[in-house]
Amino acid sequence: MSPDAPSSAPPQSATFAPTHRQILTILGGLMMGMFLAALDQTIVATAIRTIGDDLQGLSLQAWVTTAYLITSTIATPLYGKLSDIYGRKPLYLAAIVLFLIGSLLCGTATSMYQLAAYRAVQGLGGGGLMSLAITILGDLLSPRERAKYQAYFLAVFGTSSVLGPIIGGFLAGADTVLGITGWRWIFLVNVPFGILGLVVITRVLHLPPLAKVFHRIDWPGGLALAGGLVPLLLVAEQGREWGWGSPVALTCYALGVVGIVAFLLAERRAGDDALLPLHLFRNRTFGVSALINLVIGMGMFGGLATLPLYLQIAKGMSPTAAGLALLPLTLGIMTTSVVSGQTVARTGRYRIFPILGTVCLALGALLMSQLAPDSSMVEVAWRSAIFGFGLGFCFQPLVLAVQNAVPPKDMGVATSSSLFFRQMGGTLGTAVFLSILFSTVAGNIRDAFTAASRTPAFQDALADPAVVEDPANAPVVGMLQGGGEPPSLDDSSFIDAMDPRLAAPFLDGFEQSTSLVLLIAAAIIAVSIALAFLLPEIPLRQVSGIQSRMDAAAAVGHDDAPAPAPRGPGTPPGA
């Protein structure tokens, strides 16, 4: 060793090779945090109709979803960058704490706008739960090894997909639980899980310290990113009410463009300290993956945001039944994730799976757009399963490709940035598609009533005194007698109580709007098929992220250091 070598540099012989048992213990802690975020998404999606009806704002549900996605999207790359500087564990614990604070606040909301604000706090924590767990797994295992362990993470999503609809449906259907409105427990149930997660993570997650390197925190970039995204997302959500060419909408467009330009300038100035280092885009794998994730996120989240509403309104399902009806989609995700993971572990090849995945996603969205109110549950099941196949083929291979293609020192920011683009697409997709849904549904319902009024069944219903005098049918009778607009869907619960003949136009109109959203989603996802063919395939490294950084630190800190630990064949330069 050279006499002037820094004492802080690890010796070349230092290795970090956790045993299988240690890896499983750490994975258990990571899965606790991931379970929080995954369970929350399925519970809220199942109960959003009940929440919207109770708070008199179903059409405002996009605010609740978008607020969470905005903050989690902006926070995701920040977590990745800060974890590269200060370590993964403290940032992961901070994410859990923020998520719990947001959950407690959500349980006290008295309006949809208030709930949206509290969901924004929750999203600040949620942005780190997923990205940091995946990053830590990349630290522990080589890309080739990592595929073997993804089934454990899949168990989290599978369990949450089963438990979420059951718990969410039960709580949404209960008037009160322990003296508190049932749906509020959808958020409060996070508290015991979160506390348990804090304890487990604190005790089991022990990683080697990162090398002491000075970094500036890119606060200007973070502020500029928020300043660019928030106005654009606001106009995506409110454009149908403001008018897409109204002064306030034009102001949002201008602020969004200024914010994005300021963000790019801030990132260029920050260099390697940037929240989203621009040099990463010179890496073809990272750039192509970012575009694929952006497009997939738009189609995926936009489509999934409307499907539970279709099942509950057009099909008349309870929140629990609607959630369980989506189990084929979940099984599709798990099946293809296991297949892709095991295949990648054996062969080291991953490029084929994003190609297959984008094809399945586009085909699944197209098939789901053809569903009608009288479609059988078998039709819903196999069409949504194809959509799930696509998600399973895309999720892990895209992240794996990015982690394998960037230098280990950029593992955190590259992983979080990859997820950032998926979430950004999801945020835009949710806001835009729900806006399309609720801006077209009134016209479609009106047209459906016009068509239904000519049918004998509808005319017989209006001629029946018992039907006309039933208070449950008053919204439609009043509309037809007064020649007004259809009743507001801010509270859609009146549809379930109406005479089926009078309710049918509501179901048809909602189904037409849902089909339009899914058709647009299919068209958007189709773009990602072409992008998937542009994704390079680099042989997977066979050394973990931590070991790579230790080797690099040893080589830099020792003039006479021997060559770093051997890697697998075909390791890309700079890995």
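Throughout, read-outs are computed from the coordinates displayed, never taken from laboratory work. Because the structure is predicted, anything quoted here is derived from the model rather than measured. Glycine also receives a Cβ, built like all others from the backbone with ideal geometry; neighbour counts cover every protein chain displayed.
Coupling constants for the stretch 221-230 follow from the phi torsions by the Karplus curve (6.51 cos²θ - 1.76 cosθ + 1.60, θ = phi - 60°), and in residue order they are x, x, 5, 5, 4, 5, x, x, 7, 4 Hz; glycine and proline get x.
Look at C252, C106 and count the other Cβ atoms within 10 Å of each Cβ; fewest to most, that gives C252, C106. The calculated FRET efficiency for V177 paired with A472, based on their beta-carbon distance and R0 = 22 Å, is about 0.20. Shown for Y253, Y118: other C-beta atoms within 10 Å of each C-beta, ranked fewest to most, produce the order Y253, Y118.
Between T335 and D273, residue separation times 0.36 nm minus the direct Cα-Cα distance comes to 18.4 nm.
Between amide H atoms placed 1.01 Å from N, distances below 5 Å from V177 occur with G182, all of them 5 or more places distant or on a separate chain. Shown for the stretch 219-274 is the translational diffusion coefficient from the Stokes-Einstein equation, using the Kirkwood radius over Cα pairs, a temperature of 4 °C and a viscosity of 1.567 mPa s: 112 µm²/s. Put a dot 7 Å past the Cα of W219, heading toward its Cβ, do the same for Q459, and the two dots end up 7.3 nm apart. Sequence-ordered 3J(HN,Hα) estimates for the stretch 431-438 from the Karplus curve with 6.51, -1.76 and 1.60 and θ = phi - 60° stand at 5, 5, 5, 5, 5, 4, 4, 7 Hz, glycine and proline given as x. Cβ-to-Cβ counts within 10 Å put L480, L275 in ascending order as L480, L275, the fewest first.
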